[in-house]
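First up is the structure itself, then whatever we jot down about it.
The values are calculated or read from the model by the stated rules, or taken from the named source; none is laboratory data. Because the structure is a prediction, the values reported are computed rather than measured. Positions of Cβ are generated from backbone atoms using ideal geometry, with glycine treated the same way; all protein chains shown enter the neighbour counts.
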Amino acid sequence: MTFLELIEKRQSDRKYSDKPVEKEKLMRCLEAARLAPSASNSQPWTFVVTDDPQKVVKLGKAARGPLGTFNTFTDKVPVIVSIVLEKPKRVTELGMKVKNKEWPLIDIGITAEHFCLQAAEEGLGTCMLGWYDEKKVKEILNVPKEKTVALLITVGYTPEGYKHRKKIRKPMEEIVRWNSY
C-alpha cells in the first residue's frame, strides 16, 4: 500500500467488534507514535493504554458528554489510548513565549496521527476524541491533577461490512496558494 492509500484508508471509525486487539499491534502503533517529531525533541506525551473492559466502559461513559449524546460508541470499544500532555523542554517553553505558539499541542496532533496511521496499517480502526470529561478521565486513570489529558483515541477492529467512507475534502484550488496568499 502506498502512503496516500494508507491515508485514504484511515478514517474515524465509530463502531467496533468485540474482538480483542493484539498487544503486538498496539505496541507497533505506540512505537510509530513514539517516533513522531516534536518541537526541540520534547516528546511532551505519555500514552495511557486502557484495555481493561471495566475501565474502558468508564472512560467511554466519560466521553459521552453531559447529556450522553456524544460519542455514544465509546463504551463498546476494546481499547482507549489517552494521551497525557507533558511539560516540554525549557527551550520549547521559551520559544512558545517568544513566538506565541502552542507547540506541544501541535506535537500531540502529530504523534496521534502517527498512531492512527500505524493502526490503519495494522487493520485497526481508530477515532480521535476531543470531547470528554477530563476530570473523570483523570480519576479513572490516576492522572495527576496538574496534568492535561490532551486526546483520547479509540482502537479496535471494525465489524465485518463496516462502511469505508469516501473522504470529502475541499478541492486543491481552494486550499493551495503558490508564492503568495
On the given criteria, is Leu30 closer than 22 Å to Asn142 by Cα and touching a residue at least 60 places away in the same chain (Cβ under 8 Å)?
-> yes
Can Pro144 be described as at pLDDT below 95 and within 30 Å of Pro88 (Cβ to Cβ)?
-> no
Got a sec? Which of Val98, Val84, Val79 is of a type outside the set (D, E, K, R) and within 27 Å of Glu160 (Cβ to Cβ)?
-> Val79
The stretch 54-77: number of residues that are more than 18 Å from Lys15 (Cβ to Cβ) and of a type in the set (A, V, I, L, M) = 2
Restricting the stretch 124-160 to residues that are free of Cβ contacts under 8 Å to residues at least 40 places away in the same chain and surrounded by fewer than 17 Cβ atoms within 10 Å (Cβ to Cβ), the one farthest from Val79 (Cα to Cα) turns out to be Glu146
Scan of the stretch 73-95 for residues that are free of Cβ contacts under 8 Å to residues at least 40 places away in the same chain and either under 20 Å from Lys23 (Cβ atoms) or out of contact with any Gly (no Cβ under 9 Å at 6 or more places or on another chain) (or both), ordered by number | Arg90, Glu93, Leu94
Residue among Ile153, Ile168 that is under 16 Å from Gln11 (Cα atoms), touching a strand residue (DSSP E or B) at 6+ places or on another chain (Cβ under 8 Å) and not in a helix (DSSP H, G or I) = Ile153
Positions within the stretch 87-104 being in a helix (DSSP H, G or I) and surrounded by 15 or more Cβ atoms within 10 Å (Cβ to Cβ), in sequence order | Thr92, Glu93, Gly95, Met96, Trp103, Pro104
In the stretch 1-50, which residue that is small (Gly, Ala, Ser), at pLDDT 95 or above and part of a helix (DSSP H, G or I) is surrounded by the most Cβ atoms within 10 Å (Cβ to Cβ)?
-> Ala33
Of Val79, Val98, Val149, Val155, the only residue that is of a type in the set (A, V, I, L, M) and over 13 Å from the mean Cα position of the chain (by Cα) is Val98
